1. So how do Val59, Val251, Val107 line up by other beta-carbon neighbours within 10 Å, fewest first?
2. Please arrange Ser273, Ser99 by how many other C-beta atoms lie within 10 Å of their C-beta, fewest to most.
3. Would you please name the trypsin sites (Lys or Arg not before Pro) within the stretch 64-124 that are DSSP coil residues with at most 16 other C-beta atoms within 10 Å of their C-beta?
4. Using 32 Å as the Cα-Cα cut-off, could you pick out the over-long pairs in Lys149/Lys186; Lys104/Lys282; Lys104/Lys149?
5. Collect residues whose amide H, placed 1.01 Å from N in the peptide plane, falls under 5 Å from the amide H of Ala157; neighbours closer than 5 in sequence don't count.
6. Using amide H atoms built 1.01 Å from N in the peptide plane, name the residues 5+ places from Gln135, or on other chains, whose amide H lies under 5 Å from its own.
7. With θ set to phi - 60° and the Karplus curve 6.51 cos²θ - 1.76 cosθ + 1.60, what are the ³J(HN,Hα) couplings of the stretch 146-153 in order, to the nearest whole Hz, using x for Gly and Pro?
8. Among Ser255, Ser240, which comes first, second and so on when ranked by fewest other beta-carbon atoms within 10 Å?
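Values quoted throughout were computed directly from the atomic coordinates according to the rules given, and no laboratory measurement underlies them. Worth saying up front: this structure is predicted, and the values here are computed from it rather than measured. All Cβ positions, even for glycine, are placed from backbone atoms using ideal geometry, and neighbour counts span all protein chains on display.
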Amino acid sequence: MQLASLFFMLSGMHGDLLVIRLFLFAAYLMLLLNLLLGSPLWGDSKADGLPLDSLIWAVVGLYVHGTSLVNLLNDERYVALNENEEALWCLFYRTGGLSRRLFKTIVAPDMEFVTLGSDEDIPTEHYFYIIYHGQVSLKIYDGSSTDLKVDRILGSAEMFDIAHVGFFDNSSIFVKVNLRCRTLEKTQFFRFSRSAIRRIANHQFAKDVMQALLLNTLSKIVEHREMNRDSPVVCDPIFSPLQPREQPLSVMPGSGKALQKPLLHIANCIYRSFAMPWPLGKHPAGIRQVLLSPPGQNVRNPKASSTAPTAFHSCDDNV
């Protein structure tokens, strides 16, 4: 019985679904063994008729699961953002669905808001930029040579240097080229250090959003090769406040409005997450495997080789 209580408590101290199921399975197994074999004698563990072991496990279990419950409900509170954070969050939310809470926790602490005047050099060696207002002249050279590979104008919502995101191997074309950037007018940026953007891109709750941002940037590169950019947009609409139709559903986790109708929110979560055991229900294959990182992100793997294939491949060296 004591082991069953221990496993029940441990199931509330882990976030991995496999570990939770493992501890719950072990707890019910202990209950079954206790039923079949009987409880062992623990000696006198009562005070005035009160079973001390049950009291201790009840208090510990209430604390473990209660604090987790409070923290989960606290996550659903509305998160206030300043004007610049709000604009960047709209980009992250529209592109990959990042919640305000995750943005405030993962992205906002490392964000810098930078303004540069016209015709100023932009240091790119140690920084990653997302353009908010203005235009930037981007020239890409082949390594340290003067061989110009790309000469184009970047506008609002575009970003550079994407090599700092950490999605590419050292042999990738995105890593081997040399960027030189200058502002064409007064320009405002969201800036992140190289280490910060790598940390954000590798975060288990934000990596999908960063990959979506990368694909969005690459799609802009393809689009701009086929279109005239004589009249670029000063500020991309992706930074504008959300329209009513874009607002997240209030009953969904991360909406910031779930606590306005907590019972409806809990009922919705119970309904959406309920699954019958096999064979009455189908197992959601790979439910735990969304956290797996590609080779370029295995920063904790000491055996990762710099000669491994790149995470993304380029078909044309002139991209």
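1. With the fewest neighbours first, Val59, Val251, Val107 line up as Val59, Val251, Val107.
2. On the way: Ser273 7, Ser99 21.
Ordered from fewest to most neighbouring Cβ atoms within 10 Å, Ser273, Ser99 come out as Ser273, Ser99.
3. Working: sites: Arg77, Arg94, Arg100, Arg101, Lys104; in loops: Arg77.
Sites meeting the loop and neighbour criteria: Arg77.
4. On the way: Lys149/Lys186 26 Å; Lys104/Lys282 36 Å; Lys104/Lys149 38 Å.
The pairs that break the limit, which is 32 Å between Cα atoms, are Lys104/Lys282; Lys104/Lys149.
5. Ile131, Tyr132, Asp236
6. Leu184, Glu185
7. Running phi through 6.51 cos²θ - 1.76 cosθ + 1.60 with θ = phi - 60° gives 9, 6, 6, 9, 9, 9, 8, 10 Hz.
8. Numbers: Ser255 19, Ser240 13.
Least to most surrounded, the residues fall as Ser240, Ser255.
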